[in-house]
Amino acid sequence: MSQYKTPGIYLVEKNAFPNSVVEVATAIPVFIGYTEKADYKGQDLINKPFRITSFAEFNNIFGGAPEIMFNIADDGKSVTPATALSKRFRLYYSMRMFFQNGGSTCYILSVGKYKEGDKDGEIQKNTLMDAISLLEKEQEPTLVIVPDAVSLANASECADVQNEVLNHCKKMQNRFAILDVYDGFKELAEGPVDTFRDIITNNLNYGAAYYPWLNTSVVTADDVTFKAINKENIDKLVDAISKSGVSGDVMTWANKMKENSDDAEATVIHKALKAAAPKYSEVLELVRKELNLMAPAAAIAGIYAAVDNASGVWKAPANVGVNGVVTPAVNLTDYEQEDLNKPVNGKSVNAIRSFIGSGIKVWGARTLDGNSQEWCYVNVRRTLIMIEESLRQASKAYVFEPNTLNTWVTMKSMFNNFLTNVWKRGGLAGASPEDAFEVYVGLNETMTADDILNGVLRITVKVAVSRPAEFIEITFQQQQQKS
């Protein structure tokens, strides 16, 4: 207040408008996994979450794709991974899928490098689990994805990581987990979904799972050269090319594969053989297909971001096409999806399906807590997370303010304005704001005199979140001719 001591004119400005609630971001995923490097302007980023906004930025800071060696079967017609799945680093290609499907801003938490010195890195369960706790200091991420979890030695180790992610999301209460099904490229009859349900047990409403894996087009033919073939198997590849009946000049190029070629020379050899040796192209195409078999969580994270930006977090991220995908690894029928969507144990798994004329779509929008009336839908859970976090952040301005009527009225008005805006945009259900939400605060309404003496201000908010029309029934019947 001005001190009126000198005669004159004094101006007083009063706030005409209450504080407002800023809606928090809803689709900022954090990806946990292994990278080629982790360096930003000389700063080591191992075990340090780092914010990026593009795939080019990821390449600059975290490097390129891992080297994955493949063996060749004796007949020269097929290839199999030379290493166990535990050495399949998946984060790099997952980032490609994320950005290709509408992702933008995200965090990368690199837990280690593909190679440490001359030794190949290993994907360790404990390393991934320990990294999750590092996210507790980061407030912005709202989604958690661990692509490398499905490359662990078995489903049990993968589940340990995924359960820890769900525990983390529950503890933070401001983020949501997107999970992959271990061995999700296998048919349902082989049990990947049943196994997944048996060992995923915690905080089910804070996560969603998707099945099956996807045959993608992320890895192109130009990305795969003979350097993806185990050096011990190069002789088999040369022999297969020889048996296919090619000229001596082509065999000269084929034999050069045995040399330790630098990248420039390897590119020349690759192009020459690709143009003149069909067997060479056939083998590398099988390698490319193996590399393109990918778990879907990263693509789903991109879809979450695209849907949130276009329609809002309250729009179910379903009935949306998946970019960069040729086919699902398993073609599901309506009958097979019944048990995925509404199983007896309630652990719903969302399907990714191919439809004639419509393409490949996400065909499910349920959390893992499928039997819950409150939290069975992904968009309901994530909308509540957004509302809760937005109001929580805005309310920090009133910590240590007088616990009196003026503060109560101000905060109630702030909450009402924010929720009205969400309702106008379609996030809340109801013909009017009164039908869509209610805000209560006050003595003998939400607080007792004891609460006030103890410095406790209680506000109760009730919201009617819009739910998806998951089952549409259209009734037909014949009527008599009228004319």
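All of Val313, Val362, Val378 fail the test of being surrounded by 22 or more Cβ atoms within 10 Å (Cβ to Cβ), within 23 Å of Asn292 (Cα to Cα) and modelled with pLDDT of 95 or more, apart from Val362.
Here's the yes/no breakdown for (1) in the same structural domain as Met95 (by TED's automatic domain parsing); (2) surrounded by fewer than 14 Cβ atoms within 10 Å (Cβ to Cβ); (3) within 26 Å of the chain's Cα centre (by Cα); (4) part of a helix (DSSP H, G or I):
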| position | (1), (2), (3), (4) |
| --- | --- |
| Thr195 | yes, no, yes, yes |
| Ala209 | yes, no, yes, no |
| Ala240 | no, no, no, yes |
| Val250 | no, no, no, yes |
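From the list Ser244, Ser217, the one residue that fits, being farther than 30 Å from Lys171 by Cα, touching a strand residue (DSSP E or B) at 6+ places or on another chain (Cβ under 6 Å) and small (Gly, Ala, Ser), is Ser217.
Out of the residues in the range 1-21 that are surrounded by 10 or more Cβ atoms within 10 Å (Cβ to Cβ) and either in the same structural domain as Thr53 (by TED's automatic domain parsing) or modelled with pLDDT of 80 or more (or both), which is nearest to the chain's Cα centre (by Cα)? Before the answer, list the steps.
Pass one, the range 1-21, residues surrounded by 10 or more Cβ atoms within 10 Å (Cβ to Cβ): 18-21.
Add one more test, that the residue is either in the same structural domain as Thr53 (by TED's automatic domain parsing) or modelled with pLDDT of 80 or more (or both), and what stays is 20-21.
On the way: Ser20: 30, Val21: 27 Å.
Out of the qualifying residues, it is Val21.
With respect to Glu282, determine if the residue is surrounded by fewer than 23 Cβ atoms within 10 Å (Cβ to Cβ), out of contact with any strand residue (DSSP E or B) (no Cβ under 7 Å at 6 or more places or on another chain), more than 24 Å from Gly102 (Cβ to Cβ) and touching a residue at least 60 places away in the same chain (Cβ under 8 Å).
Numbers: surrounded by fewer than 23 Cβ atoms within 10 Å (Cβ to Cβ): yes; out of contact with any strand residue (DSSP E or B) (no Cβ under 7 Å at 6 or more places or on another chain): yes; more than 24 Å from Gly102 (Cβ to Cβ): yes; touching a residue at least 60 places away in the same chain (Cβ under 8 Å): yes.
Yes, satisfied.
Starting from residues that are β-branched (Val, Ile, Thr) and without any contact (Cβ under 8 Å) to a residue 12 or more places away in the chain, keep the ones in the range 342-357 and report whichever is surrounded by the most Cβ atoms within 10 Å (Cβ to Cβ). Explain how you work it out, then say what you get.
Of the residues in the range 342-357, the ones β-branched (Val, Ile, Thr) are 344, 349, 352, 356.
The next check asks that each one be without any contact (Cβ under 8 Å) to a residue 12 or more places away in the chain; those that pass are 344, 356.
Details: Val344: 7, Ile356: 5.
Among those that are β-branched (Val, Ile, Thr) and without any contact (Cβ under 8 Å) to a residue 12 or more places away in the chain, it is Val344.
The values are calculated or read from the model by the stated rules, or taken from the named source; none is laboratory data. Predicted, not measured: the structure shown is a model, and the values here were computed from it. Positions of Cβ are generated from backbone atoms using ideal geometry, with glycine treated the same way; all protein chains shown enter the neighbour counts.
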